[in-house]
1. From E42, E31, E68, which residue is acidic (D, E), closer than 25 Å to Y142 by Cβ and within 20 Å of the chain's Cα centre (by Cα)?
2. Restricted to the range 203-253, and to residues that are among the basic types (K, R) and over 24 Å from the mean Cα position of the chain (by Cα), which residue is surrounded by the fewest Cβ atoms within 10 Å (Cβ to Cβ)?
3. If we scan the range 181-194, do we find a residue that is touching a helix residue (DSSP H, G or I) at 6+ places or on another chain (Cβ under 8 Å), loosely packed, with under 13 Cβ neighbours inside 10 Å and either within 30 Å of I133 (Cα to Cα) or of a type in the set (V, I, T) (or both)?
4. Restricting attention to the range 38-50, does a residue exist that is in contact (Cβ under 8 Å) with a residue 12 or more places away in the chain, surrounded by 20 or more Cβ atoms within 10 Å (Cβ to Cβ) and either under 27 Å from A80 (Cα atoms) or not assigned by TED's automatic domain parsing to the domain that holds G112 (or both)?
5. Could you tell me how many of the residues in the range 85-140 are among the hydroxyl-bearing types (S, T, Y) and in contact with a Pro (Cβ under 9 Å, 6 or more places away or on another chain)?
6. What are the residue pairs meeting all of these: first residue in the range 121-136, first residue over 25 Å from E193 (Cβ atoms) and touching a residue at least 60 places away in the same chain (Cβ under 8 Å), second residue surrounded by fewer than 22 Cβ atoms within 10 Å (Cβ to Cβ) and among the charged types (D, E, K, R), Cβ atoms under 8 Å, and 6 or more apart or on different chains?
7. Take K21 and tell me if it is of a type in the set (K, R), under 25 Å from E193 (Cβ atoms), assigned by TED's automatic domain parsing to the domain that holds L98 and out of contact with any strand residue (DSSP E or B) (no Cβ under 8 Å at 6 or more places or on another chain).
8. Considering every residue within the range 39-57, establish whether at least one is under 23 Å from Q175 (Cα atoms) and modelled with pLDDT under 95.
Amino acid sequence: MTLRLDIEGPVAHLLIDRADKRNAFNMAMWEAMPDLMRQACETEGVRLLVIRAAEKAGAFCAGADIAELLANKDDADWRARNQAAINRVQYQLARLPLPTIAIIDGDCIGGGCGIALACDLRVATSVRVRFGITPAKLGLVYPLHDVKLLVDLVGPGQAKRMLYTGMLIVAVEAQQIGLIEEITEKPDALIEELLAASPHSIRETKQFVRRVLDGQTEDDAETLRIFGEAFTCPDFLEGTTAFVEKRKPEFGK
């Protein structure tokens with residue numbers, strides 16, 4: 001099983017488990033991922049999706065399975081199916097209702113970098129972790145949706161530098177340009193911080209950020225409703241009561 005979902009209380013871990021191929025994604029993995037994401041969202045009590053390698057394989061994900069791409073390069077039907085599978089994963093992951101974290105231990109290249117880009121937060125576990133988007137070295141073109149995810153994070157100049165050259169950068173530079181948020185040997189600390197916050201606030205804020213990234217700049221009736229109704233939600237009562245009582249809030253699901 002090259003992909004699997006492990007549920008640990010409020011955290012769903014989507015594990016990439018193809019160490020012999022440095023966790024490179026083949027089409028079967030792209031096609032399996034939407035169902036695993038759906039299971040995470042539908043599991044009672046789950047508040048967070050974490051994507052990580054199942055074991056130390058020297059890579060979070062080394063990208064696409066190049067041998068598979070080469071073997072099917074002349075099969076137009078296979079290419080269309082593969083493209084659709086990749087686009088579906090990336091689109092759904094970037095808009096998943098659950099907050100998402102990519103915990104990156106090892107190389108994060110090509111399609112693997114795309115998966116990390118589609119997550120809400122990216123954490124490298126070592127300064128030696130390398131990032132790269134390498135279609136320019138293969139004569140390929142990165143998907144438009146994923147180019148937008150990259151540009152949203154690092155800006156057009158840095159995105160062009162990475163895409164035009166296919167260069168690899170280490171975690172320190174990735175953090176400097178905004179590609180990742182943290183470098184830490186203890187990524188579970190961030191998980192605990194997210195679980196301590198209001199799930200309602202995180203869920204709705206995630207949707208607001210997506211609206212901004214998709215071009216919305218002004219409130220509409222829906223965003224005004226969400227803002228106003230937050231004052232009537234249990235999380236507001238618990239959060240404000242805990243603040244007044246000088247204790248940590250205990251939020252529900």
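The values are calculated or read from the model by the stated rules, or taken from the named source; none is laboratory data. Note that the structure is a prediction, hence the values are computed from the model and not measured. Cβ: placed from backbone, ideal geometry, glycine included. Neighbour counts: every protein chain shown.
1. E31
2. The residue in question is K246.
3. No, the range 181-194 has no match at all.
4. no
5. Residues in the range 85-140 being among the hydroxyl-bearing types (S, T, Y) and in contact with a Pro (Cβ under 9 Å, 6 or more places away or on another chain): 1 in total.
6. Qualifying pairs under 8 Å: none.
7. no
8. Looking for residues that are under 23 Å from Q175 (Cα atoms) and modelled with pLDDT under 95, one finds at least one in the range 39-57, hence yes.
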